[in-house]
Amino acid sequence: MLDYEKTKAWRSGAVRHTYTVRDTMLYALGLGAGSDPLDAAQLRYVYEKDLVALPTMAAVLASPGAWMRERSELGIDFLKLVHGEQGVTLHAPLPVAATVVGESRVTRIIDKGEGKGAVLTVEKTLTDDATGQLVAVCEQVLFLRGDGGFSQGQGGDAAAPALPAVPEGAPESMLELPTRPEAALVYRLSGDTNALHVDPQVAAKAGFPRPILHGLATWGMAGRGVVQQACGGEPHRLRALQARLTAPVFPGETLVLESWRIGTDEVAFRVRAKERDLVVLNNGRARMDV
């Protein structure tokens with residue numbers, strides 16, 4: 001059973017991560033950038049000439065790793081963990097190469113009840129090791145399907161405010177983002193080597209007909225689309241991005257980013273898998289500099 005006190009007190013300590021322009025380009029390739037070799041806007045992410053970093057890469061830098069699996073005394077059923085939501089707030093443009101320091105901590109654990117699971121939120125601050133400047137704050141929400149009832153009816157922490165729904169009616173703009181058949185094989189090289197995304201036998205045991213794309217890759221592709229549509233192709237203008245992961249994506253599918261303007265500096269969005277007409281990312285909000 002999940003140990004609330006031990007889990008809430010968990011801290012990663014300082015995780016130093018040195019990444020290069022090659023890592024920056026590899027991350028972008030994992031999100032489908034460069035699929036059109038004549039598109040100068042895409043080449044900025046995958047070619048060292050005038051290279052820029054996609055801001056969503058902050059989510060994969062200086063990761064604390066599979067700490068829930070390694071810390072058995074926490075009592076978390078790692079095999080029943082599902083990535084539920086992801087967010088990032090940018091405080092400075094992400095360098096194309098740097099050494100960054102990540103410090104992660106658990107900020108909230110909600111008990112939904114016996115047989116109903118628990119919800120755990122992890123916050124990661126990312127700073128530039130050379131300057132000490134805060135670069136980004138990332139928030140990951142995990143659904144622990146096997147850990148409901150740990151508080152014996154006390155409920156754990158209070159629930160966080162729900163992500164706002166997208167507006168009713170047809171989206172104001174749509175953008176197709178094709179995924180490559182080998183997308184998961186490329187994206188995993190940015191750090192998430194879970195066999196679910198590469199091994200057909202592991203995928204079958206998890207109930208999938210074939211390996212699925214990483215949820216953070218779907219989220220990152222949405223971020224790339226938001227930068228293209230709402231930030232004029234300038235990644236430094238993106239200030240925050242958050243969304244709920246609602247269904248898996250199979251590599252090779254076409255993602256459709258559907259978005260609505262909210263005022264002058266905010267966009268609501270969702271992502272649909274075109275071939276299955278299925279919403280795979282929902283309750284998305286992005287904020288940008290005008």
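Read-outs: derived from the displayed coordinates by stated rules, not from any lab. Computed from a predicted structure; not experimentally measured. Every residue, glycine as well, gets a Cβ built from its backbone with ideal geometry; the counts of neighbours run over all protein chains shown.
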Query raised in the report: Quick one: Karplus J couplings for segment 119-130, per residue in order, coefficients 6.51, -1.76, 1.60, θ = phi - 60°, nearest Hz, x for Gly and Pro?
Result: 10, 10, 10, 10, 10, 10, 9, 10, 10, 6, 5, 6
**Report entry** Nearest-ten-degree value, helix 21-30 long axis tilted from longest Cα axis of the chain
**Finding:** 80
Query raised in the report: Taking the alpha-carbon centroid of each part, what is the distance from segment 186-218 to segment 29-81 in angstrom?
Result: 14
Query raised in the report: Which of Ala268, Ala66, Ala217 moves most in a GNM of the chain, Cα contacts under 10 Å?
Result: Ala66
Requested in this report: Sum up the lysine pairs in segment 4-144 that clear both bars: alpha-carbon distance under 30 Å and a spacing of 8 or more or different chains.
Outcome: 13
Query raised in the report: Given 20 °C and 1.002 mPa s, how large is the Stokes-Einstein diffusion coefficient of segment 173-288 in µm²/s, with Rh as the Kirkwood radius over Cα pairs?
Result: 147
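Sorted by packing (mean other beta-carbon atoms within 10 Å per residue), highest first, where do 284-290, 78-84 land?
Values: 284-290: 18.4, 78-84: 14.3.
Going from most to least packed, we get 284-290, 78-84.
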Query raised in the report: Got a sec? Charge dipole of the chain, +1 on Cβ for Lys and Arg, -1 for Asp and Glu; which of Ala159, Pro235, Ala118 is way out at the positive end?
Result: Ala118
Query raised in the report: What are the residues whose amide H is under 5 Å from the amide H of Ala240, where those residues sit 5 or more places off or on another chain and H is modelled from the backbone?
Result: Leu90, Arg287
**Report entry** Kirkwood hydrodynamic radius (C-alpha pairs) into Stokes-Einstein, the chain, 4 °C and 1.567 mPa s, D in µm²/s
**Finding:** 66
Query raised in the report: For segment 84-136 and segment 223-290, what is the separation of their Cα centres, given in Å?
Result: 20
Report task. Only Lys, Arg, Asp and Glu count, each charged at its Cβ (+1, +1, -1, -1), so figure out the dipole size of segment 31-118 about its Cα centre, rounded to 20 debye. Result -> 200
Report summary line: Computed over the chain: longest principal axis from alpha-carbon atoms vs helix 215-230 long axis, angle to nearest 10 degrees, is 40
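Grab the alpha carbons of segment 55-213, take their convex hull, and tell me the volume per residue in Å³.
Numbers: hull volume 28.6 nm³, N = 159.
Expressed per residue, the convex hull around the Cα atoms of segment 55-213 is 180 Å³.
About the Cα centre of the chain, what is the dipole size in debye to 20, counting +1 per Lys and Arg Cβ and -1 per Asp and Glu Cβ, all else neutral?
Details: 31 positive and 34 negative charges, 66 e Å.
Dipole size: approximately 320 debye.
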